[in-house]
1. Where in the stretch 37-119 are there GluC sites (Glu not before Pro) that are in a DSSP coil and have at most 11 other Cβ atoms within 10 angstrom of their Cβ?
2. Picking from 206, 182, 165, whose Cα lies most toward the positive end of the charge dipole for the stretch 152-240 (charges on Cβ: Lys, Arg +1; Asp, Glu -1)?
3. From the gyration tensor of the Cα coordinates in the stretch 150-255, what semi-axes in whole Å does the equivalent ellipsoid have, largest first, with each one equal to sqrt(5λ)?
4. Over the chain, how many percent of alpha carbon pairs lie in each 10 Å bin up to the one with the longest distance?
5. Which value results when the Cα radius of gyration for the stretch 44-157 is divided by 2.2 N^0.38 Å?
6. Report the extension gain between residue 168 and residue 16 in nm, rounded to one decimal, defined as 0.36 nm multiplied by the number of residues separating them, less their alpha carbon distance.
7. Using Cα centres only, tell me the gap between the stretch 137-162 and the stretch 47-110 in whole Å.
8. So which residue, out of 48, 135, 68, gets the largest mean-square fluctuation from a GNM of the chain using Cα contacts under 10 Å as springs?
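Since every read-out is calculated from the coordinates, none of them should be taken as a lab result. Quick caveat, the model's predicted, so the values are computed rather than measured. Don't worry about glycine lacking a Cβ; one is built from the backbone with ideal geometry, like all the others, and counts go over all protein chains shown.
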Amino acid sequence: NLVGDERPELILAAEKKLGWVSPTKGAPATAPWTFHPITGEDHWFRYTHGVGAGDVNGDGRQDMLTATGWFEQPADLTGNPLWKFHPAEFGTKGGAQMYAYDVNGDGLNDVITSIHAHGFGLSWFEQKHNSDRTTTWIDHPIISRDPDTLIRGVQFSQAHAVELVDMDGDGLKDIISGKRYWAHGPGKDAGADAPPVIYWFKLIRNNDGTAHFEPHLVDDSSGVGTQFVVKDINSDNRPDIITSNKAGVHVFLQK
């Protein structure tokens, strides 16, 4: 629900613009949807990697996230106004689904994102407000951008899909991601032939105001695709994981 109309929207790039699409009011359900651009014609293309939504600045409105910064939703959307862009480096070439979430509990929403959908890296970027009213984003790697560096014993490439769900019922949202299996075929992406793993990363808030994510291996022979689902499918109040990619369709029931 990007614009507060109690209906879900799709966010995407089209016609070299970034924007959102919604069902046309009063039209049949099968009618073409309406595209609402938030940028002018720029470098955006339909296979843009790294996009998401969330309230970055705490004004109660959903902003749009990209690998190069975030777009601030204006108070009035009449006439499809352009959204103000705030540059920030949230990745190298763009990752997957992006989220605004207060990771460390300081009252400011941080940004969670994969760094490179066909390379390495998964991070949360801590939002810090400076005395001059500028904002600094501090990179806290969960998966290193360096293929030879392990963080808490874990390294994998191609985190092409990311979900943010409370996996263990502690009230804090955790990260679920993994390696996309053969995105462009065998040998055509970084770490293409490494095990297609799925991990969930438990959010732990420390007493000193810091936070970190603790990895838990779900599986090492399936992986993620361009998206996957985390949802309680057997009504036991535990989120389950459903993935699909070139390795098949897999369902993981949490026990």
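1. Numbers: sites: 41, 72, 89; in loops: 41, 89.
Passing both the DSSP loop test and the Cβ count: 41.
2. Positive-most Cα among the choices belongs to 182.
3. After diagonalising the Cα gyration tensor, the semi-axes are 24, 18, 9 Å.
4. 7, 29, 35, 23, 6, 0
5. Numbers: Rg = 14.8 Å, N = 114, 2.2 N^0.38 = 13.3 Å.
The reported ratio for this selection is 1.11.
6. 50.7 nm
7. The stretch 137-162 and the stretch 47-110 have Cα centres spaced 21 Å from each other.
8. 135
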